[in-house]
């Protein structure tokens, strides 16, 4: 097989899973959507932090603290279709003469350091993975095992 170089550009983010959130708790219900698109929380939907802040008139960090009861995430993961795909392909093709370069960016925060530490344990080259001032994109996933 000929030597190949695969360049991947795109999204990388930190996924934070909160595995036991009670969707019937007062804190969650207070943030629940009243109508589709109003910025409130909805089961099974992606809601942007700025939309929830606007909906409630409070900072997102304060809302998350209330909803989670101040608990730390149950699990942290690397997320984002570009970086996850690059890592998967690099691992599958690790016995082949294929090199993977990732082009993207993180913030200069704890989440960015976490992402870099995970990616460092993979065969993906991060020479072009920039660190920018500000925060790293992240997703807070709220899960209620009792919800149907």
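Condition check ((1) exposed (fewer than 14 other Cβ atoms within 10 Å of the Cβ); (2) over 14 Å from residue 147 (Cα atoms); (3) touching a residue at least 24 places away in the same chain (Cβ under 8 Å)) across all residues:
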{"site": "5", "(1), (2), (3)": "yes, yes, yes"}
{"site": "11", "(1), (2), (3)": "yes, yes, yes"}
{"site": "28", "(1), (2), (3)": "no, no, yes"}
{"site": "39", "(1), (2), (3)": "no, yes, no"}
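Before we move on, is residue 57 more than 19 Å from residue 147 (Cβ to Cβ) and surrounded by fewer than 13 Cβ atoms within 10 Å (Cβ to Cβ)? If you could, list the steps in order and put the result at the bottom.
Details: more than 19 Å from residue 147 (Cβ to Cβ): yes; surrounded by fewer than 13 Cβ atoms within 10 Å (Cβ to Cβ): yes.
Criteria met by residue 57.
Mind checking which residues of the range 41-54 are closer than 30 Å to residue 117 by Cα and surrounded by fewer than 16 Cβ atoms within 10 Å (Cβ to Cβ)?
Across the range 41-54, the qualifying residues are 44, 45, 46, 48, 50.
Within the range 125-145, can one find any residue that is loosely packed, with under 15 Cβ neighbours inside 10 Å and touching a helix residue (DSSP H, G or I) at 6+ places or on another chain (Cβ under 8 Å)?
Yes, some residue in the range 125-145 is loosely packed, with under 15 Cβ neighbours inside 10 Å and touching a helix residue (DSSP H, G or I) at 6+ places or on another chain (Cβ under 8 Å).
Out of 85, 107, 80, report the one residue that is buried (at least 17 other Cβ atoms within 10 Å of the Cβ), under 24 Å from residue 11 (Cα atoms), in contact with a strand residue (DSSP E or B) (Cβ under 8 Å, 6 or more places away or on another chain) and touching a residue at least 40 places away in the same chain (Cβ under 8 Å).
Values: 85 fails: buried (at least 17 other Cβ atoms within 10 Å of the Cβ); 107 fails: touching a residue at least 40 places away in the same chain (Cβ under 8 Å).
Among 85, 107, 80, only 80 is buried (at least 17 other Cβ atoms within 10 Å of the Cβ), under 24 Å from residue 11 (Cα atoms), in contact with a strand residue (DSSP E or B) (Cβ under 8 Å, 6 or more places away or on another chain) and touching a residue at least 40 places away in the same chain (Cβ under 8 Å).
Where a number appears in this text, it was derived from the coordinates with a stated rule and is not lab data. No experiment lies behind these values; they were computed from the predicted model shown. Cβ atoms come from the backbone with ideal geometry, glycine included; neighbour counts cover every protein chain shown.
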